[in-house]
Amino acid sequence: MPFPDTTIEQWREFPGALSDNDEINFRFGSLVVRSAGKLVLVDTGMHAADGILLEDLRRKGVDRNEIELVVITHIHPDHVGWNLLDGKPTFPKARYLVPRKDWDYWTDPVVMQNAQHVATQVLPLADLNVLDLIEDEYQVTDELTTVPTPGHTPGHISIVVSSAGEQAYILGDVAHHIAQAHYTDWCPIFDSDADLARATRHAVLDKLESEGTLVSAGHFPDPGFGRFVRLAGRRQWQEI
Ligand SMILES: [Zn+2]
């Protein structure tokens, strides 16, 4: 169980949350945004033999050669898995934007000993000259701005989309499951600093709920678009 201090009964409050073996179902989603005439890919997903990112892009009419910016929310293996293909950038035209605080943390030799994905999918970006380290609130395009949302990892970022007078929010791993809309204190074992992750999650979800912002959440059920709303006295994820 990746969420300590939670019970199966609590998980059963969320239909479809558990597999037949009582394991939690997670999606591993990336997002493509068209902004300011550019194609932007947020996170590159899990590199597995059955990984479907490239096939999924093709099916949706996105040519990987046209991606100009790849924004990495944080350096976990399921978010950087398709950065490189046979040692070359999978997205040959793209600059790869990586939060500097995560880079500093994950490229520490001691940390890297237990994080093989850094050596294979992240470190080579520097040698290949496709890496830009970003800090604070970074303007990706006129419409996309990163915001630090630390705790899950030291340099974790989310992205605010501002377009045509409306806002949307790309959540990253501020939350991993729709259950955390209500059980906002729940921290998965993947949160590197649970207290900070919890504080960040409360602050972000409170704001998104009060402002009714459209949210894209990569680990929530496909396609992961919705809003945090209050229904029957509980904060809930409402898919759109
Ligand atoms: Zn993560």
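Distance between the pseudo-spin-label points of V111 and K38 (7 Å out from Cα toward the beta carbon): 2.5 nm. Our estimate of slack between D222 and K60, defined as 0.36 nm per intervening residue step minus the Cα-Cα distance, is 56.9 nm. In order along segment 177-189, the phi-based Karplus estimate (6.51 cos²θ - 1.76 cosθ + 1.60, θ = phi - 60°) of 3J(HN,Hα) comes to 8, 4, 4, 6, 4, 8, 8, 5, 6, 5, 10, x, 4 Hz; Gly and Pro are listed as x.
Simple spin-label estimate for H202 and D20 gives 4.1 nm between the two label positions (7 Å along the Cα-to-Cβ direction from each Cα).
Shown for E143, E135: other C-beta atoms within 10 Å of each C-beta, ranked fewest to most, produce the order E135, E143. At q = 0.09, 0.11, 0.14, 0.15 Å⁻¹, what log₁₀ I(q)/I(0) does segment 8-239 have when each alpha carbon counts as one equal point scatterer in the Debye sum? Here log10 of I(q) over I(0) equals -0.36, -0.54, -0.90, -1.04.
Sorting 182-190, 69-77, 29-37, 225-233 by average packing, meaning the other beta carbons within 10 Å per residue, from highest down gives 69-77, 182-190, 29-37, 225-233. Shape class of segment 71-144 from the alpha-carbon gyration tensor: oblate, with a/c at 1.5 or above and b/c at least as large as a/b. Using C-alpha pairs under 8 Å with a sequence gap of at least 6, the mean separation divided by the residue count of segment 1-158 gives a relative contact order of 18 percent.
Throughout, read-outs are computed from the coordinates displayed, never taken from laboratory work. If you're wondering where the values come from, they're calculated on a predicted model, not measured in any experiment. Virtual Cβ from ideal backbone geometry, glycine too; neighbours counted across all protein chains shown.
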